1. Mind checking which of 70, 109, 162 is farthest towards the positive end of the chain's charge dipole, using Cβ charges of +1 (Lys, Arg) and -1 (Asp, Glu) about the Cα centre?
2. Ignoring ligands, DNA and RNA, what accessible area per residue does segment 94-154 give at 1.4 Å, in Å²?
3. Report D for segment 66-143 in µm² per second (integer): Stokes-Einstein, Kirkwood Rh on Cα pairs, 37 °C, 0.692 mPa s.
4. Compute, for the chain, the length of the dipole vector about the Cα centre, with Cβ point charges of +1 (Lys, Arg) and -1 (Asp, Glu) only. Units Debye, rounded to 20.
5. Amide H to amide H, which residues 5 or more places from residue 102 or on other chains are under 5 Å from it, using H placed in the peptide plane?
6. Could you give me the radius of gyration and the Dmax of segment 1-124, taking only the C-alpha atoms into account and expressing both in angstrom?
7. Could you size up the charge dipole of segment 159-236 around its Cα centre, putting +1 on the beta carbon of Lys and Arg and -1 on that of Asp and Glu, and report it in debye to the nearest 20?
8. Can you give the accessible area of residue 75 in Å² (nearest 10), computed on protein heavy atoms with a 1.4 Å probe?
Amino acid sequence: MIDYDQMYQKALNYNVDLTTEQLDQLDIYANMLVEWNKNINLTGITDSEGIMIRHFEDSIAMLHYVNIPQNSTVIDVGTGAGFPGMVLKIVRPDLQITLLDSLNKRIHFLESVADEIKLKVNTIHLRAEEGGKMPALREKFDISCARAVSNLRILSEYCIPYVKTGGKFISLKGPDIADELNSARPGIGTLGGKVAALSEYCISDGSQRTLLVIDKVKPTPEQFPRVSAKINKKPL
């Protein structure tokens, strides 16, 4: 389904040199995404070009703007159809990837993709705020990441509790987040985070992206995350 030459070049633009095996894995992933999407809502993007750019390239770009050490533990919070987490695992098989989502149908899809392309990922069917309270997951990851439309004030409370002190929360956002970021700074601090870096760039279809890196500088107070109703009604 994907054009191997185009996909290879798109990744190379971010200094990612895809192997033939990785291109094969991305191609299988794309085909499964389209096929499964006929029965469950995974994505509104089902054309080859759109999948390559809006899903695969968009996920790969993260590796150009953030240095992720070898063998890091990464949790993709609200992973959906696996972006960026499953793509990161394909491109960086050394990473220990956990994919968390509240919808079991999506988790089943991701497990099927992982089996088909022969990659080991951890999948968890759970609401984000529930996982952030569990001792097995709370402050256990080097990196949490999310590619989400949620406001940063809300997203931070879902994601920062998973990160160990010294780790990072990476938020993949759209353009023009200055006001959103300014309003989120106090809550980020309350949760134990500190804004470390912000990168603005365009992917190859011209769409603007912002990648935000938040360092975890101290433990998250035990009362966070709150239940989702409180997070959404009264964001930090």
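1. 162
2. Numbers: 2990 Å² over 61 residues.
Roughly 49 Å² per residue, with all protein chains present.
3. On the way: Rh = 12.6 Å.
Estimated diffusion coefficient is 262 µm²/s.
4. That gives the chain a dipole magnitude of about 1360 debye.
5. Excluding prolines and chain starts, which carry no amide H, the hits are 126.
6. According to the Cα coordinates of segment 1-124, Rg and Dmax are 13.3, 38 Å.
7. Working: 12 positive and 7 negative charges, 97 e Å.
Value, rounded to 20: 460 debye.
8. The value for residue 75 is about 0 Å².
The values are calculated or read from the model by the stated rules, or taken from the named source; none is laboratory data. Computed from a prediction, not measured in an experiment: that's the story for all the values here. Ideal geometry is used to build each Cβ from the backbone, glycine not excepted, and the neighbour counts take in all protein chains shown. Calculation scope for accessible area: heavy atoms of the full protein, side chains included, ligands and nucleic acids excluded. Shrake-Rupley method; radii C 1.70, N 1.55, O 1.52, S 1.80 Å.
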